[in-house]
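Notes for the one structure printed next.
The values are calculated or read from the model by the stated rules, or taken from the named source; none is laboratory data. Since the model is a prediction, treat every value here as computed from it, not as a measurement. FYI the Cβ positions are ideal-geometry reconstructions off the backbone, even for glycines, and counts take in every protein chain you see. Heads up: the accessible areas ignore ligands, DNA and RNA and are worked out on the full protein's heavy atoms, side chains in. Shrake-Rupley method; radii C 1.70, N 1.55, O 1.52, S 1.80 Å.
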Amino acid sequence: MTQSFKFFRATGGNFAVTLGLIAPVLMGCIGLAIDYSIYSSQQWKMQDAADSAALAAIKEAPLSNWNEESARIVAEEQISHALGSAFTSGEYTYTVTPDVEQRLVRVNLEQRGHGYFLMGMFKSDPQIGVTAIARSAGSQAVCVISLEASQKNGLEVADQSALNASDCSVHSNSSHPKSIKMSKLAAISAPLTCVGGGVDGPDTNIVPSAITDCPAANDPLAGRNPVSTGSCMPKLGDIKGEKATLSPGTYCDDIKIDKQADVTLLPGVYSFQGKFEVKGDSSLSGIGVTLQFLGKNAKLKFDHDSKIALSAPDTGQSAGIVLMADKAIGKTRKFEINSKDANKLVGAVYFPFDDLVIGGDEDGDGTCDFQGVGIPMQPTQSDPLCDANVGDNSEWTAIVARKIKLNHNVQVHIKADYKASEVPVPSGLADWNQRSYLAK
């Protein structure tokens, strides 16, 4: 019994000693847990405050008088309100750095001097630092969208080609680092060029500079589908060297307009299930028309020497659509507008699952012609013969396609004077709203 009692006393004494030794450790662990809870809460609140401030400042970016000072004032007011209502201890400092050209606002927010139990011994100065970057994806009307989501070269501007969109925005949705491919002498000029991924090539050739990591632009014409045009018309064959007038309907066979033919399209919807080509200095014109391309064999080619003048219907199911293709046929098709004289093209060109190539190859040898057929263009030369004046004399033209390529030194001019035309603009093009988002 005595031995047992002594063992009990010894054990009790050791327990007291052990408790005395571990008590500070336990208290430290509890203190650290409390510190971490406070730290995490403060960090979350600070990040929320910085995010809110950056977004509030960037939302005014579309205003013509938006500048660094106005952005800074808005952000500082937002931060002051957040700090005053959400934080009770510590010293908080912040910087607001707007970039008007890049349409972004960066907010840095830091905490110092909070009375942590133990974390203060381990945390550097500042104790917490957070950053928020907000961008504006623009508020201009949109006129060019590449819908490709992930592959490279959603928008490609080759050789000495140039895309000029003076009053509307250009979007390449692909998240690929090479979403836009720019040759060394290529150029894009638009109020806003918005890229889901990055630019392959000299981004200085995009004026103003492209905004990268943009959110994808929604397909503004996703609700549009081909219009039924009935059963196949009698086989038409080629039209060569004559004047002709075509009526709306379904054309199931290949049609070639050649040898200076002059073809007029009556108002309505035309469905083509084969190849439709205009070449040989021929002309194609029509007011109130939509050209639909249906099925895996459908193909469009306006050759370099063709003259094209088309405007979309102002009423009906195809209102505002001048060229379009059916969706998701399981095969990517290529549609070509090579005409140097397609400057009257009023309406939307809509190939959501297919590729659009705009080129300047008159003789079909794969290079842009200079000073006539067969004479190659020199690297430092430019020539109006190589222009592809798509929409240059139109009130508006919009291009929405899976991929878009400007080929062989063409100069493409796109206008978006939507208010000047009687052809209605599909919802989502003219009403393109500013998209503000957090980039970090």
Query raised in the report: Considering only residues of segment 82-94 that are at pLDDT 80 or above and surrounded by fewer than 14 Cβ atoms within 10 Å (Cβ to Cβ), which is nearest to Cys194 (Cα to Cα)?
Result: Thr93
Query raised in the report: Do we have any residue at all in segment 182-191 that's within 16 Å of Ala216 (Cβ to Cβ), in contact (Cβ under 8 Å) with a residue 24 or more places away in the chain and open to solvent by 10 Å² or more (accessible area, probe 1.4 Å)?
Result: no
Query raised in the report: Where residues in segment 341-369 are open to solvent by less than 10 Å² (accessible area, probe 1.4 Å), outside any loop (DSSP other than H, G, I, E, B) and more than 15 Å from Val144 (Cα to Cα), which of them is modelled with the lowest pLDDT?
Result: Asp369
Report task. Go through segment 90-106 and give me each residue that's among the acidic types (Asp, Glu) and part of a strand (DSSP E or B). Result -> Glu91, Asp99
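Does Ser146 satisfy the criteria of being buried (at least 23 other Cβ atoms within 10 Å of the Cβ), under 25 Å from Leu55 (Cβ atoms) and touching a Leu at 6+ places or on another chain (Cβ under 6 Å)? Give the derivation first.
Details: buried (at least 23 other Cβ atoms within 10 Å of the Cβ): yes; under 25 Å from Leu55 (Cβ atoms): no; touching a Leu at 6+ places or on another chain (Cβ under 6 Å): yes.
Judged against the criteria, Ser146 is not a match.
Just give me the residues in segment 240-280 being among the hydrophobic types (A, V, I, L, M, F, W, C) and touching a strand residue (DSSP E or B) at 6+ places or on another chain (Cβ under 6 Å), in sequence order. Write out each step before concluding.
First, the residues of segment 240-280 that are among the hydrophobic types (A, V, I, L, M, F, W, C): 244, 246, 252, 255, 257, 261, 263, 265-266, 269, 272, 276, 278.
Matches in segment 240-280: Ala244, Leu246, Cys252, Ile255, Ile257, Ala261, Val263, Leu265, Val269, Phe272, Phe276, Val278.
Within segment 192-238, work out how many residues are without any contact (Cβ under 8 Å) to a residue 12 or more places away in the chain and either of a type outside the set (Ser, Thr, Tyr) or crowded, with 19+ Cβ neighbours inside 10 Å (or both). Before the answer, list the steps.
Filtering segment 192-238 down to residues without any contact (Cβ under 8 Å) to a residue 12 or more places away in the chain leaves 204, 223, 228, 234.
Right, trim to either of a type outside the set (Ser, Thr, Tyr) or crowded, with 19+ Cβ neighbours inside 10 Å (or both) and you get 223, 234.
So the count comes out to 2.
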Query raised in the report: Quick one: how many residues across segment 323-340 are crowded, with 24+ Cβ neighbours inside 10 Å and either aromatic (Phe, Trp, Tyr) or in contact with a Gly (Cβ under 6 Å, 6 or more places away or on another chain) (or both)?
Result: 1
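Please note which strands (runs of 3 or more DSSP E) are completely contained in segment 370-440 and include at least 1 residues that are at pLDDT 80 or above and buried (at least 23 other Cβ atoms within 10 Å of the Cβ).
Details: elements: 397-406, 411-414, 436-438.
Here the list reads 397-406, 411-414.
Quick grid of which residues meet (1) buried (at least 17 other Cβ atoms within 10 Å of the Cβ); (2) not in a strand (DSSP E or B):
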| residue | (1), (2) |
| --- | --- |
| Gly280 | no, yes |
| Ser285 | no, no |
| Leu291 | yes, no |
| Gly295 | no, yes |
| Lys301 | yes, no |
| Asp305 | yes, yes |
| Ala309 | yes, no |
| Pro313 | yes, yes |
| Gln317 | no, yes |
Query raised in the report: Could you list, in sequence order, the residues of segment 221-239 that are touching a strand residue (DSSP E or B) at 6+ places or on another chain (Cβ under 7 Å) and under 28 Å from Arg135 (Cβ atoms)?
Result: Leu221
Query raised in the report: For segment 170-188, what are the residues that are in contact with a helix residue (DSSP H, G or I) (Cβ under 9 Å, 6 or more places away or on another chain) and more than 20 Å from Leu429 (Cβ to Cβ)?
Result: Ile180, Met182, Ser183, Lys184, Leu185, Ala186, Ala187
**Report entry** Contacts under 6 angstrom Cβ, first residue in segment 280-301 being basic (Lys, Arg), partner part of a strand (DSSP E or B) and open to solvent by 20 Å² or more (accessible area, probe 1.4 Å), 6 or more apart
**Finding:** Lys299/Lys275; Lys301/Glu336
Query raised in the report: Of all residues in segment 163-174, how many are in contact (Cβ under 8 Å) with a residue 60 or more places away in the chain and open to solvent by 10 Å² or more (accessible area, probe 1.4 Å)?
Result: 3
Query raised in the report: What's the number of the condition Ala134 fails, among (1) touching a helix residue (DSSP H, G or I) at 6+ places or on another chain (Cβ under 8 Å); (2) at pLDDT 90 or above?
Result: (2)
